[in-house]
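**Student:** Quick one: the structure is below, and I'll ask about it shortly.
The values are calculated or read from the model by the stated rules, or taken from the named source; none is laboratory data. None of the values given here were measured: they were computed from a predicted structure. A quick note on method: Cβ atoms are made from the backbone with ideal geometry, for glycine too, and the neighbour counts reach across all protein chains shown.
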Amino acid sequence: MKSELLKRFRSVHGREPAVIARAPGRIEFIGNHTDYNGGTVLGAAIDRGVWVGVSPRADGRRRFASAAMTAVVETGANAPQPLAGKDAWANYPLGMLVSLAAAGVAVPAGFDFLAVSDLPPGAGLSSSAALELASGLAFARLAGAEPPRGALVRAARHAENHFVGVPCGILDQAVSGFGRRGHLVHIDCRGPDFSTVPLPAGTGFRIFNTHTRHALVDGLYAERHRECGEAARVLGVALLADLDPAGLEARACGVPEVPLRRARHVVGEVSRVAACVAALREGRIEEVGRLLAASHESSRIAFQNSTPELDFLVEELMRTPGVFGARLTGGGFGGAVMALVAEPFAPESAERVAAAYDERFGARPDVLAVGTADGASLENP
(Lines give C-alpha, C1' and ligand atoms only; values in the text may rest on other atoms or scores of the structure.)
Protein backbone atom coordinates (compact mmCIF):
# COMPACT_ATOMS: atom_id res chain seq x y z
CA MET A 1 0.00 0.00 0.00
CA LYS A 2 2.92 2.37 0.54
CA SER A 3 3.81 2.39 -3.15
CA GLU A 4 0.15 3.06 -4.01
CA LEU A 5 0.10 5.95 -1.54
CA LEU A 6 3.26 7.49 -3.00
CA LYS A 7 1.98 7.19 -6.56
CA ARG A 8 -1.38 8.77 -5.79
CA PHE A 9 0.11 11.50 -3.60
CA ARG A 10 2.37 12.58 -6.46
CA SER A 11 -0.54 12.45 -8.88
CA VAL A 12 -2.92 14.51 -6.74
CA HIS A 13 -0.57 16.89 -4.93
CA GLY A 14 2.41 17.00 -7.30
CA ARG A 15 5.04 16.23 -4.67
CA GLU A 16 6.17 13.70 -2.09
CA PRO A 17 4.57 13.23 1.34
CA ALA A 18 6.73 14.48 4.21
CA VAL A 19 5.15 12.06 6.72
CA ILE A 20 3.56 8.63 6.20
CA ALA A 21 1.55 6.72 8.81
CA ARG A 22 -0.40 3.48 8.70
CA ALA A 23 -3.03 1.99 10.99
CA PRO A 24 -4.64 -1.46 10.83
CA GLY A 25 -8.24 -2.41 10.61
CA ARG A 26 -9.56 -4.66 13.32
CA ILE A 27 -11.60 -7.72 14.04
CA GLU A 28 -13.96 -7.63 16.98
CA PHE A 29 -13.08 -11.08 18.32
CA ILE A 30 -15.61 -11.17 21.15
CA GLY A 31 -17.33 -8.48 23.20
CA ASN A 32 -20.18 -7.19 21.06
CA HIS A 33 -21.48 -3.75 22.16
CA THR A 34 -19.78 -4.13 25.54
CA ASP A 35 -17.38 -1.21 25.15
CA TYR A 36 -19.74 1.73 25.63
CA ASN A 37 -21.39 -0.21 28.47
CA GLY A 38 -18.18 -0.18 30.52
CA GLY A 39 -17.32 -3.81 29.84
CA THR A 40 -14.43 -5.74 28.39
CA VAL A 41 -13.71 -6.79 24.81
CA LEU A 42 -11.14 -8.70 22.77
CA GLY A 43 -10.08 -7.55 19.32
CA ALA A 44 -7.32 -8.20 16.80
CA ALA A 45 -5.49 -5.71 14.61
CA ILE A 46 -5.28 -7.17 11.09
CA ASP A 47 -2.82 -6.98 8.22
CA ARG A 48 -5.05 -4.67 6.16
CA GLY A 49 -5.56 -1.04 6.93
CA VAL A 50 -5.24 2.62 5.99
CA TRP A 51 -2.13 4.53 4.90
CA VAL A 52 -1.97 8.32 5.13
CA GLY A 53 0.54 10.78 3.69
CA VAL A 54 0.79 14.47 4.57
CA SER A 55 3.03 17.38 3.54
CA PRO A 56 3.00 20.91 4.98
CA ARG A 57 1.58 23.96 3.21
CA ALA A 58 2.63 27.53 3.99
CA ASP A 59 -0.71 29.08 2.95
CA GLY A 60 -2.82 27.48 5.71
CA ARG A 61 -4.99 25.53 3.27
CA ARG A 62 -5.93 21.96 4.17
CA ARG A 63 -6.49 19.72 1.15
CA PHE A 64 -7.89 16.21 1.78
CA ALA A 65 -7.80 13.50 -0.87
CA SER A 66 -8.65 9.82 -0.82
CA ALA A 67 -8.04 7.05 -3.31
CA ALA A 68 -11.70 6.10 -2.85
CA MET A 69 -13.01 9.56 -3.86
CA THR A 70 -12.43 11.67 -6.97
CA ALA A 71 -12.75 15.17 -5.53
CA VAL A 72 -10.30 16.94 -3.23
CA VAL A 73 -11.90 18.43 -0.09
CA GLU A 74 -10.43 21.79 0.88
CA THR A 75 -10.87 23.72 4.14
CA GLY A 76 -9.14 26.56 5.93
CA ALA A 77 -7.12 26.28 9.13
CA ASN A 78 -9.85 27.76 11.33
CA ALA A 79 -11.75 25.43 13.66
CA PRO A 80 -13.65 23.25 11.17
CA GLN A 81 -17.26 22.18 11.21
CA PRO A 82 -18.39 18.69 10.13
CA LEU A 83 -18.88 18.26 6.40
CA ALA A 84 -21.90 16.67 4.74
CA GLY A 85 -22.66 14.70 1.60
CA LYS A 86 -19.85 13.30 -0.53
CA ASP A 87 -17.25 15.23 1.49
CA ALA A 88 -18.27 13.65 4.81
CA TRP A 89 -15.44 11.07 4.65
CA ALA A 90 -13.03 13.91 5.54
CA ASN A 91 -14.75 14.31 8.93
CA TYR A 92 -12.52 11.53 10.29
CA PRO A 93 -9.20 13.36 9.75
CA LEU A 94 -10.86 16.72 10.46
CA GLY A 95 -12.19 15.35 13.72
CA MET A 96 -8.69 14.22 14.68
CA LEU A 97 -7.36 17.74 14.16
CA VAL A 98 -10.05 19.13 16.45
CA SER A 99 -9.68 16.44 19.12
CA LEU A 100 -5.89 16.53 19.20
CA ALA A 101 -5.87 20.31 19.50
CA ALA A 102 -8.46 20.14 22.31
CA ALA A 103 -6.18 17.68 24.12
CA GLY A 104 -3.24 20.09 23.87
CA VAL A 105 -1.44 18.24 21.07
CA ALA A 106 0.12 20.42 18.36
CA VAL A 107 -1.39 20.01 14.88
CA PRO A 108 -0.31 21.53 11.55
CA ALA A 109 -2.05 24.61 10.14
CA GLY A 110 -1.95 23.81 6.44
CA PHE A 111 -1.15 20.58 4.60
CA ASP A 112 -1.85 18.26 1.71
CA PHE A 113 -3.35 14.93 2.76
CA LEU A 114 -4.04 11.64 1.00
CA ALA A 115 -5.36 8.30 2.27
CA VAL A 116 -5.39 4.86 0.67
CA SER A 117 -6.86 1.66 2.07
CA ASP A 118 -7.12 -2.05 1.37
CA LEU A 119 -9.94 -2.53 3.88
CA PRO A 120 -13.24 -3.46 2.22
CA PRO A 121 -15.90 -0.85 3.07
CA GLY A 122 -18.90 -1.95 5.09
CA ALA A 123 -17.29 -5.18 6.31
CA GLY A 124 -17.18 -4.21 9.98
CA LEU A 125 -13.36 -4.05 10.01
CA SER A 126 -13.29 -0.44 11.21
CA SER A 127 -11.78 1.50 8.36
CA SER A 128 -12.94 4.67 10.15
CA ALA A 129 -10.81 4.05 13.26
CA ALA A 130 -7.82 3.14 11.10
CA LEU A 131 -8.22 6.41 9.20
CA GLU A 132 -8.44 8.32 12.49
CA LEU A 133 -5.33 6.69 13.99
CA ALA A 134 -3.21 7.03 10.85
CA SER A 135 -4.31 10.66 10.40
CA GLY A 136 -3.62 11.52 14.03
CA LEU A 137 -0.14 10.05 13.95
CA ALA A 138 0.69 11.87 10.73
CA PHE A 139 -0.67 15.23 11.91
CA ALA A 140 1.18 15.05 15.21
CA ARG A 141 4.49 14.16 13.57
CA LEU A 142 4.08 16.93 10.97
CA ALA A 143 3.63 19.40 13.85
CA GLY A 144 6.58 17.96 15.79
CA ALA A 145 4.44 16.35 18.50
CA GLU A 146 4.60 12.82 19.95
CA PRO A 147 1.42 12.14 21.94
CA PRO A 148 1.32 9.00 24.10
CA ARG A 149 -0.48 6.13 22.42
CA GLY A 150 -3.32 6.21 24.94
CA ALA A 151 -3.89 9.92 24.29
CA LEU A 152 -4.00 9.29 20.54
CA VAL A 153 -6.55 6.51 20.99
CA ARG A 154 -8.74 8.66 23.24
CA ALA A 155 -8.57 11.54 20.76
CA ALA A 156 -9.69 9.20 17.97
CA ARG A 157 -12.69 8.04 19.96
CA HIS A 158 -13.53 11.63 20.86
CA ALA A 159 -13.39 12.57 17.19
CA GLU A 160 -15.80 9.80 16.24
CA ASN A 161 -18.20 10.54 19.11
CA HIS A 162 -18.24 14.33 19.00
CA PHE A 163 -17.23 15.35 15.48
CA VAL A 164 -18.39 12.49 13.28
CA GLY A 165 -21.33 11.84 15.60
CA VAL A 166 -21.13 8.06 16.07
CA PRO A 167 -21.70 7.00 19.73
CA CYS A 168 -19.12 4.18 19.59
CA GLY A 169 -17.03 2.85 22.45
CA ILE A 170 -13.25 2.69 22.40
CA LEU A 171 -12.86 -0.80 20.89
CA ASP A 172 -12.05 0.15 17.32
CA GLN A 173 -9.54 2.88 18.08
CA ALA A 174 -7.84 0.93 20.88
CA VAL A 175 -7.29 -2.22 18.81
CA SER A 176 -5.96 -0.17 15.87
CA GLY A 177 -3.67 1.69 18.24
CA PHE A 178 -2.48 -1.10 20.55
CA GLY A 179 -2.49 -4.09 18.18
CA ARG A 180 0.33 -6.61 18.37
CA ARG A 181 1.18 -9.29 15.86
CA GLY A 182 0.22 -12.78 17.10
CA HIS A 183 -1.96 -11.36 19.88
CA LEU A 184 -5.43 -10.16 20.69
CA VAL A 185 -5.95 -6.81 22.41
CA HIS A 186 -7.88 -6.98 25.69
CA ILE A 187 -9.61 -3.76 26.68
CA ASP A 188 -11.19 -2.96 30.01
CA CYS A 189 -13.28 -0.07 28.78
CA ARG A 190 -13.96 1.36 32.21
CA GLY A 191 -10.34 2.52 32.62
CA PRO A 192 -9.71 2.24 29.82
CA ASP A 193 -6.89 -0.27 30.32
CA PHE A 194 -5.17 -2.16 27.52
CA SER A 195 -3.27 -5.45 27.47
CA THR A 196 -2.60 -8.29 25.04
CA VAL A 197 -3.44 -12.00 25.02
CA PRO A 198 -1.51 -14.46 22.80
CA LEU A 199 -3.47 -16.03 19.98
CA PRO A 200 -2.86 -19.80 19.88
CA ALA A 201 -0.34 -20.92 17.26
CA GLY A 202 -1.79 -22.60 14.22
CA THR A 203 -4.94 -20.48 14.13
CA GLY A 204 -6.08 -17.75 11.78
CA PHE A 205 -9.08 -15.76 10.64
CA ARG A 206 -11.42 -15.81 7.67
CA ILE A 207 -13.74 -12.89 7.10
CA PHE A 208 -16.90 -13.46 5.06
CA ASN A 209 -18.12 -10.06 3.89
CA THR A 210 -21.77 -10.15 2.87
CA HIS A 211 -21.83 -6.63 1.38
CA THR A 212 -25.19 -6.22 3.08
CA ARG A 213 -25.98 -3.24 5.23
CA HIS A 214 -29.23 -2.36 6.90
CA ALA A 215 -30.55 0.92 5.47
CA LEU A 216 -30.98 2.29 9.00
CA VAL A 217 -27.75 0.91 10.47
CA ASP A 218 -26.53 4.21 11.97
CA GLY A 219 -29.88 4.83 13.60
CA LEU A 220 -30.09 1.25 14.85
CA TYR A 221 -26.64 1.50 16.45
CA ALA A 222 -27.67 4.70 18.23
CA GLU A 223 -30.93 3.04 19.25
CA ARG A 224 -29.09 0.14 20.89
CA HIS A 225 -26.88 2.66 22.67
CA ARG A 226 -29.96 4.41 24.06
CA GLU A 227 -31.61 1.11 25.00
CA CYS A 228 -28.56 0.04 26.99
CA GLY A 229 -28.55 3.36 28.83
CA GLU A 230 -32.23 2.91 29.62
CA ALA A 231 -31.61 -0.64 30.83
CA ALA A 232 -28.88 0.57 33.19
CA ARG A 233 -31.17 3.29 34.54
CA VAL A 234 -34.05 0.89 35.17
CA LEU A 235 -31.70 -1.63 36.79
CA GLY A 236 -30.24 1.04 39.05
CA VAL A 237 -26.60 0.95 37.90
CA ALA A 238 -24.34 3.47 36.19
CA LEU A 239 -23.26 0.98 33.51
CA LEU A 240 -24.51 -2.47 32.55
CA ALA A 241 -21.04 -3.90 33.20
CA ASP A 242 -21.61 -3.13 36.90
CA LEU A 243 -23.78 -6.27 37.00
CA ASP A 244 -22.88 -9.94 36.70
CA PRO A 245 -25.44 -12.44 35.35
CA ALA A 246 -26.69 -13.42 38.81
CA GLY A 247 -27.01 -9.80 39.89
CA LEU A 248 -28.92 -8.96 36.72
CA GLU A 249 -31.44 -11.75 37.20
CA ALA A 250 -31.95 -10.71 40.82
CA ARG A 251 -33.14 -7.30 39.55
CA ALA A 252 -34.95 -8.51 36.41
CA CYS A 253 -38.48 -8.58 37.82
CA GLY A 254 -40.51 -5.75 36.37
CA VAL A 255 -37.88 -4.65 33.84
CA PRO A 256 -39.46 -4.10 30.38
CA GLU A 257 -38.69 -6.79 27.81
CA VAL A 258 -36.48 -4.81 25.42
CA PRO A 259 -34.16 -3.23 28.02
CA LEU A 260 -33.88 -6.61 29.74
CA ARG A 261 -32.89 -8.32 26.50
CA ARG A 262 -30.18 -5.75 25.85
CA ALA A 263 -28.89 -6.05 29.41
CA ARG A 264 -28.77 -9.84 29.24
CA HIS A 265 -26.70 -9.68 26.10
CA VAL A 266 -24.20 -7.15 27.45
CA VAL A 267 -23.80 -8.71 30.90
CA GLY A 268 -23.53 -12.20 29.41
CA GLU A 269 -21.05 -10.98 26.83
CA VAL A 270 -18.75 -9.51 29.48
CA SER A 271 -18.75 -12.93 31.17
CA ARG A 272 -17.96 -14.60 27.85
CA VAL A 273 -15.00 -12.27 27.31
CA ALA A 274 -13.54 -13.26 30.70
CA ALA A 275 -14.08 -16.94 29.96
CA CYS A 276 -12.50 -16.53 26.54
CA VAL A 277 -9.36 -14.89 27.97
CA ALA A 278 -8.96 -17.79 30.42
CA ALA A 279 -9.49 -20.36 27.68
CA LEU A 280 -6.98 -18.65 25.38
CA ARG A 281 -4.32 -18.54 28.10
CA GLU A 282 -4.87 -22.23 28.82
CA GLY A 283 -4.94 -23.29 25.15
CA ARG A 284 -8.55 -24.54 25.25
CA ILE A 285 -9.29 -23.56 21.68
CA GLU A 286 -12.50 -25.62 21.40
CA GLU A 287 -13.90 -23.69 24.37
CA VAL A 288 -12.96 -20.44 22.66
CA GLY A 289 -14.93 -21.57 19.61
CA ARG A 290 -17.96 -22.43 21.74
CA LEU A 291 -17.88 -18.97 23.31
CA LEU A 292 -17.71 -17.30 19.89
CA ALA A 293 -20.80 -19.21 18.77
CA ALA A 294 -22.60 -18.34 22.02
CA SER A 295 -21.74 -14.67 21.47
CA HIS A 296 -23.37 -14.74 18.04
CA GLU A 297 -26.48 -16.44 19.39
CA SER A 298 -26.83 -13.76 22.04
CA SER A 299 -26.41 -11.05 19.39
CA ARG A 300 -29.11 -12.74 17.32
CA ILE A 301 -31.68 -13.29 20.06
CA ALA A 302 -31.04 -10.76 22.83
CA PHE A 303 -29.40 -7.82 21.09
CA GLN A 304 -31.14 -8.36 17.75
CA ASN A 305 -28.32 -6.92 15.66
CA SER A 306 -27.77 -9.89 13.38
CA THR A 307 -29.34 -10.54 9.98
CA PRO A 308 -30.46 -13.68 8.09
CA GLU A 309 -27.30 -13.45 5.96
CA LEU A 310 -24.99 -13.36 8.96
CA ASP A 311 -26.90 -16.14 10.72
CA PHE A 312 -26.68 -18.36 7.63
CA LEU A 313 -22.92 -17.92 7.41
CA VAL A 314 -22.40 -18.71 11.09
CA GLU A 315 -24.50 -21.87 10.78
CA GLU A 316 -22.60 -23.03 7.70
CA LEU A 317 -19.22 -22.27 9.21
CA MET A 318 -19.98 -24.07 12.45
CA ARG A 319 -20.56 -27.22 10.36
CA THR A 320 -17.29 -26.79 8.46
CA PRO A 321 -14.20 -28.84 9.40
CA GLY A 322 -11.33 -26.67 10.61
CA VAL A 323 -13.60 -23.94 12.00
CA PHE A 324 -13.41 -23.51 15.78
CA GLY A 325 -16.06 -20.82 16.04
CA ALA A 326 -17.79 -18.02 14.13
CA ARG A 327 -19.78 -14.89 14.92
CA LEU A 328 -20.70 -11.53 13.47
CA THR A 329 -17.94 -8.97 13.85
CA GLY A 330 -18.55 -5.28 14.37
CA GLY A 331 -21.72 -3.39 15.10
CA GLY A 332 -23.95 -5.83 13.23
CA PHE A 333 -27.07 -5.13 11.13
CA GLY A 334 -25.12 -6.45 8.13
CA GLY A 335 -21.44 -6.55 7.35
CA ALA A 336 -19.28 -9.59 7.97
CA VAL A 337 -18.81 -12.82 9.88
CA MET A 338 -15.49 -13.77 11.45
CA ALA A 339 -14.38 -17.39 11.65
CA LEU A 340 -11.52 -18.61 13.86
CA VAL A 341 -9.94 -21.42 11.87
CA ALA A 342 -7.15 -23.95 12.06
CA GLU A 343 -4.29 -23.10 9.71
CA PRO A 344 -3.81 -24.18 7.02
CA PHE A 345 -7.51 -23.83 6.21
CA ALA A 346 -8.59 -25.61 3.04
CA PRO A 347 -9.61 -23.10 0.32
CA GLU A 348 -12.30 -25.52 -0.83
CA SER A 349 -13.92 -25.27 2.62
CA ALA A 350 -14.29 -21.51 2.30
CA GLU A 351 -15.51 -21.98 -1.27
CA ARG A 352 -18.18 -24.41 -0.15
CA VAL A 353 -19.52 -21.91 2.38
CA ALA A 354 -19.45 -19.09 -0.18
CA ALA A 355 -21.25 -21.26 -2.74
CA ALA A 356 -23.95 -22.22 -0.24
CA TYR A 357 -24.48 -18.54 0.56
CA ASP A 358 -24.70 -17.73 -3.15
CA GLU A 359 -27.32 -20.41 -3.65
CA ARG A 360 -29.36 -19.10 -0.73
CA PHE A 361 -29.09 -15.33 -1.31
CA GLY A 362 -28.10 -14.95 -4.96
CA ALA A 363 -24.79 -13.22 -4.25
CA ARG A 364 -21.32 -14.33 -3.24
CA PRO A 365 -19.60 -13.08 -0.10
CA ASP A 366 -16.01 -11.96 -0.29
CA VAL A 367 -13.71 -14.28 1.66
CA LEU A 368 -10.67 -12.61 3.21
CA ALA A 369 -7.81 -14.45 4.86
CA VAL A 370 -6.33 -12.02 7.37
CA GLY A 371 -3.55 -12.23 9.88
CA THR A 372 -2.78 -10.22 12.99
CA ALA A 373 -0.66 -7.07 12.80
CA ASP A 374 0.99 -4.46 14.93
CA GLY A 375 -0.85 -1.26 15.77
CA ALA A 376 -0.61 2.17 14.14
CA SER A 377 2.86 3.34 13.25
CA LEU A 378 4.87 5.95 11.39
CA GLU A 379 6.61 4.75 8.25
CA ASN A 380 9.60 6.05 6.31
CA PRO A 381 8.49 8.40 3.50
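**Student:** For the range 5-25: of the residues being free of Cβ contacts under 8 Å to residues at least 40 places away in the same chain and part of a helix (DSSP H, G or I), which is farthest from G375 (Cα to Cα)?
**Tutor:** S11
**Student:** For the range 319-333, check the following and say yes or no: at least one residue is charged (D, E, K, R), farther than 23 Å from A231 by Cα and surrounded by fewer than 20 Cβ atoms within 10 Å (Cβ to Cβ).
**Tutor:** Yes; the residues of the range 319-333 include at least one that is charged (D, E, K, R), farther than 23 Å from A231 by Cα and surrounded by fewer than 20 Cβ atoms within 10 Å (Cβ to Cβ).
**Student:** Quick one: would you say A88 is surrounded by fewer than 24 Cβ atoms within 10 Å (Cβ to Cβ), within 30 Å of G332 (Cβ to Cβ) and without any contact (Cβ under 8 Å) to a residue 12 or more places away in the chain?
**Tutor:** Yes: the conditions hold for A88.
**Student:** From the list A109, A103, exactly one residue is assigned by TED's automatic domain parsing to the domain that holds R154 and out of contact with any helix residue (DSSP H, G or I) (no Cβ under 7 Å at 6 or more places or on another chain). Which is it?
**Tutor:** A109
**Student:** So F111 passes all but one of these: (1) in contact with a strand residue (DSSP E or B) (Cβ under 6 Å, 6 or more places away or on another chain); (2) surrounded by 24 or more Cβ atoms within 10 Å (Cβ to Cβ); (3) in contact (Cβ under 8 Å) with a residue 60 or more places away in the chain. Which condition number does it fail?
**Tutor:** Here F111 clears every test but (3).
**Student:** Turning to a different aspect of this structure: Tally time: how many residues in the range 347-366 are assigned to a loop (DSSP other than H, G, I, E, B) and under 27 Å from the mean Cα position of the chain (by Cα)?
**Tutor:** Adding up the residues that qualify gives 3.
**Student:** Only one residue in A350, A355, A302, A376 is crowded, with 16+ Cβ neighbours inside 10 Å, out of contact with any strand residue (DSSP E or B) (no Cβ under 9 Å at 6 or more places or on another chain) and aliphatic (A, V, I, L, M). Which one?
**Tutor:** None of the others qualify; the one that does is A302.
**Student:** Can you name the helices (runs of 4 or more DSSP H) wholly within the range 92-196 that have at least 2 residues being of a type in the set (K, R)?
**Tutor:** Qualifying helices (runs of 4 or more DSSP H): 149-158.
**Student:** Can you confirm whether the range 305-322 contains a residue that is in contact with an Asp or Glu (Cβ under 8 Å, 6 or more places away or on another chain) and modelled with pLDDT of 95 or more?
**Tutor:** No, the range 305-322 contains no residue that is in contact with an Asp or Glu (Cβ under 8 Å, 6 or more places away or on another chain) and modelled with pLDDT of 95 or more.
**Student:** List pairs: first residue in the range 275-292 and surrounded by fewer than 16 Cβ atoms within 10 Å (Cβ to Cβ), second residue of a type outside the set (D, E) and assigned to a loop (DSSP other than H, G, I, E, B) anywhere in the structure, Cβ distance under 7 angstrom, at least six positions apart or on different chains.
**Tutor:** Between residues of the range 275-292 that are surrounded by fewer than 16 Cβ atoms within 10 Å (Cβ to Cβ) and residues that are of a type outside the set (D, E) and assigned to a loop (DSSP other than H, G, I, E, B), the close pairs are G283/P200.
**Student:** Can I ask one more? Go over the candidates G219, G182 one by one and state the one that is within 30 Å of M318 (Cβ to Cβ), surrounded by fewer than 16 Cβ atoms within 10 Å (Cβ to Cβ) and out of contact with any Lys or Arg (no Cβ under 8 Å at 6 or more places or on another chain).
**Tutor:** Among G219, G182, only G182 is within 30 Å of M318 (Cβ to Cβ), surrounded by fewer than 16 Cβ atoms within 10 Å (Cβ to Cβ) and out of contact with any Lys or Arg (no Cβ under 8 Å at 6 or more places or on another chain).
**Student:** Identify the residue in the range 211-258 that is β-branched (V, I, T) and in a loop (DSSP other than H, G, I, E, B) and, among all such residues, is farthest from the chain's Cα centre (by Cα).
**Tutor:** V255
**Student:** If you go through the range 305-315 one residue at a time, how many are free of Cβ contacts under 8 Å to residues at least 60 places away in the same chain and buried (at least 22 other Cβ atoms within 10 Å of the Cβ)?
**Tutor:** Going through the range 305-315 one residue at a time, the tally reaches 2.
**Student:** Hey, another quick one. Scan the range 272-283 residue by residue and report those that are within 22 Å of the chain's Cα centre (by Cα) and under 20 Å from G182 (Cβ atoms).
**Tutor:** Of everything in the range 272-283, those that are within 22 Å of the chain's Cα centre (by Cα) and under 20 Å from G182 (Cβ atoms) turn out to be V273, C276, V277, L280.
**Student:** Would you mention how many residues in the range 324-346 are in a strand (DSSP E or B) and either in contact (Cβ under 8 Å) with a residue 60 or more places away in the chain or not assigned by TED's automatic domain parsing to the domain that holds E297 (or both)?
**Tutor:** 13
**Student:** Just name the residue that is surrounded by the fewest Cβ atoms within 10 Å (Cβ to Cβ) out of those in the range 243-271 that are of a type in the set (G, A, S) and within 17 Å of D35 (Cβ to Cβ).
**Tutor:** By that ranking, first place goes to S271.
**Student:** I'd like to check something: does the range 284-306 contain any residue that is out of contact with any Phe, Trp or Tyr (no Cβ under 6 Å at 6 or more places or on another chain), among the aromatic types (F, W, Y) and closer than 21 Å to V341 by Cα?
**Tutor:** There is no residue in the range 284-306 that is out of contact with any Phe, Trp or Tyr (no Cβ under 6 Å at 6 or more places or on another chain), among the aromatic types (F, W, Y) and closer than 21 Å to V341 by Cα.
**Student:** For the range 284-307, how many residues are under 22 Å from the mean Cα position of the chain (by Cα) and in a helix (DSSP H, G or I)?
**Tutor:** Number satisfying all stated conditions: 14.
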